[in-house]
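The values are calculated or read from the model by the stated rules, or taken from the named source; none is laboratory data. Quantities reported herein were computed from a predicted structural model and do not represent experimental measurements. Because the Cβ atoms are built from the backbone with ideal geometry, glycine has one as well, and the counts that use them run over all protein chains shown.
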Amino acid sequence: MRIAYLVSEYPKVSHSFIRREIAALEALGVEIDRYALRESMDGSPDPADHRERTKTRYVLGAGGATILGSLVAELVSRPLRFLRALAMALRLSRSAERGLFHHAAYLIEACVLARWMARSNTTHLHAHFGSNPATVALLVSQLRDTTFSFTAHGTVETDAARFIGIPEKVARAAFVFAVSGFGKSQLCRWVHPDHWRKIVVVPCGLDDTFRRAPERLSNANRRFVCVGRLSPEKGQFVLVEALAELHRNSIEVELVLVGDGELRADIEAYAAQLGVAHLMQITGWLSGESVREQISDARALVLSSFAEGLPVVIMEAMASARPVLATRVGGVPELVRDGVDGWLVGPGCATELANAMRECLAASADTLERMGAAARTRALERHDVARSAEIAKGMFGTLVN
């Protein structure tokens, strides 16, 4: 069985779950051609990402002659198919947050991919994320006799479902993977019940790296770690406010933010304004191994998100036997049980988050170890990448020999 995977940027430091999924499928005998629209510029320090980069073919790195030649070849050799794809691009652009210019670019990218897939005799294309990768995948299916599917991860698809054409994409896809039950429910909102059966929950998974017993079953220090992009939906300003509230009450605490993003300078300035800059460190992006070390070195993982799908870092922290403090959003409550694996709080409330952090800091070593053990068992049972790959392979197998 041979299929193609398409991502907007790959490999990317925050998309290690895609890399693990591909590896698990290949372990099951599935051949996967890796395509990305562009190379990631996030400077991932992870050696595994460096290896993936050598296996990935980049549409926008193909060169002007190849891109233009693919467009002309598709137009001349399959004019009716090309016009059908053009009509679809126009249709999607009418209500899109990105207009006609971007959709014309997606069509050109689809022409390149269509020719690459034809040369490798690949007839199914799976896109990660329901935004522009799924748009390009849909257009490829209009240009050629190929099928497509995509994985919907959460906020990308739920925040702007109509503007990125989710109803059209779900209706025309062979099937759609959702990473949580919540994610599936949000897709069902936008399509006729006739299409619900094609939406399948395929959780992001952890590989055998996380099955190795952690060096420490708990950590009684007073450090919290938060891992993720420094961006508006992650709510890190609320976390800084919670840190300041603990500090005002003379509670010893420190916070490490692992990640980077457009809000880094603003978050640093806000921490300085609230007088807690000396209690907070921002590391920037780290390798997967270094992230696991940061989680191991912390008492617990804390996330203050306003919106989520189901963050992979929660699974990673739980598998590392660390309790999780997170907001009650998206698919998070499907994994984290309040009072068992960690603490769930309402989004946007610094006081509630500070209270949960205070409870975590007051918890005994035995309590932390008990919660960590429960978290580890739950994460490994529910998020095994090999099991998720079996589900995905079964779905791909209905379309590809």
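Out of (1) modelled with pLDDT under 95; (2) not small (Gly, Ala, Ser); (3) not assigned by TED's automatic domain parsing to the domain that holds Arg115, the odd one out for Glu157 is which?
With respect to (1) modelled with pLDDT under 95; (2) not small (Gly, Ala, Ser); (3) not assigned by TED's automatic domain parsing to the domain that holds Arg115, Glu157 is out only on (3).
Quick one: in segment 222-237, which of the residues that are outside any helix (DSSP H, G or I), in contact with a helix residue (DSSP H, G or I) (Cβ under 8 Å, 6 or more places away or on another chain) and not small (Gly, Ala, Ser) is farthest from Glu252 (Cα to Cα)?
Taking the candidates together, the pick is Arg229.
Of the residues Ala178, Ala160, Ala152, only one is over 24 Å from His383 (Cβ atoms) and touching a residue at least 12 places away in the same chain (Cβ under 8 Å); which?
Ala160
Which of the residues spanning segment 161-209 are closer than 10 Å to Gly130 by Cα and among the small types (Gly, Ala, Ser)?
Passing the criteria: Ala161, Gly165.
Would you please name the residue that is farthest from Arg370 (Cα to Cα), looking only at residues in segment 191-218 that are in contact with a strand residue (DSSP E or B) (Cβ under 7 Å, 6 or more places away or on another chain) and without any contact (Cβ under 8 Å) to a residue 40 or more places away in the chain?
Among residues in segment 191-218 that are in contact with a strand residue (DSSP E or B) (Cβ under 7 Å, 6 or more places away or on another chain) and without any contact (Cβ under 8 Å) to a residue 40 or more places away in the chain, the one farthest from Arg370 (Cα to Cα) is Lys198.
Asn249: at pLDDT below 95 and either farther than 30 Å from Ile18 by Cβ or not basic (Lys, Arg) (or both), yes or no?
Against the criterion (at pLDDT below 95 and either farther than 30 Å from Ile18 by Cβ or not basic (Lys, Arg) (or both)), Asn249 does not qualify.
Take the residues in segment 244-288 that are touching a residue at least 40 places away in the same chain (Cβ under 8 Å), in a helix (DSSP H, G or I) and not small (Gly, Ala, Ser); name whichever of them is surrounded by the most Cβ atoms within 10 Å (Cβ to Cβ).
Taking the candidates together, the pick is Leu246.
Quick grid of which residues meet (1) crowded, with 16+ Cβ neighbours inside 10 Å; (2) part of a helix (DSSP H, G or I):
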site: Tyr35; (1), (2): yes, no
site: Val76; (1), (2): no, yes
site: Leu83; (1), (2): no, yes
site: Glu97; (1), (2): no, no
site: Ala105; (1), (2): yes, yes
site: Met117; (1), (2): yes, yes
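Cβ contacts < 7 Å: first residue assigned by TED's automatic domain parsing to the domain that holds Ala160, restricted to segment 123-141; second residue surrounded by 24 or more Cβ atoms within 10 Å (Cβ to Cβ) and acidic (Asp, Glu), any location; separation 6+ or different chain. Result?
Pairs that qualify, where the first residue is assigned by TED's automatic domain parsing to the domain that holds Ala160 and the partner is surrounded by 24 or more Cβ atoms within 10 Å (Cβ to Cβ) and acidic (Asp, Glu), are Gly130/Glu157; Val136/Glu109.
Could you please find all residues in segment 338-372 being without any contact (Cβ under 8 Å) to a residue 60 or more places away in the chain and of a type in the set (S, T, N, Q)?
Hits for segment 338-372 are Asn355, Ser364, Thr367.
Among the residues of segment 296-319 satisfying the criterion of being surrounded by 24 or more Cβ atoms within 10 Å (Cβ to Cβ) and of a type in the set (Val, Ile, Thr), which is nearest to the chain's Cα centre (by Cα)?
So, considering only residues that are surrounded by 24 or more Cβ atoms within 10 Å (Cβ to Cβ) and of a type in the set (Val, Ile, Thr), the one nearest to the chain's Cα centre (by Cα) is Ile314.
Quick one: which of Arg322, Arg358 is crowded, with 24+ Cβ neighbours inside 10 Å and more than 22 Å from His153 (Cβ to Cβ)?
Arg322
Out of all the residues in segment 361-392, which are surrounded by 18 or more Cβ atoms within 10 Å (Cβ to Cβ) and basic (Lys, Arg)?
If the condition is that a residue be surrounded by 18 or more Cβ atoms within 10 Å (Cβ to Cβ) and basic (Lys, Arg), then Arg376, Arg378 are the ones that fit.
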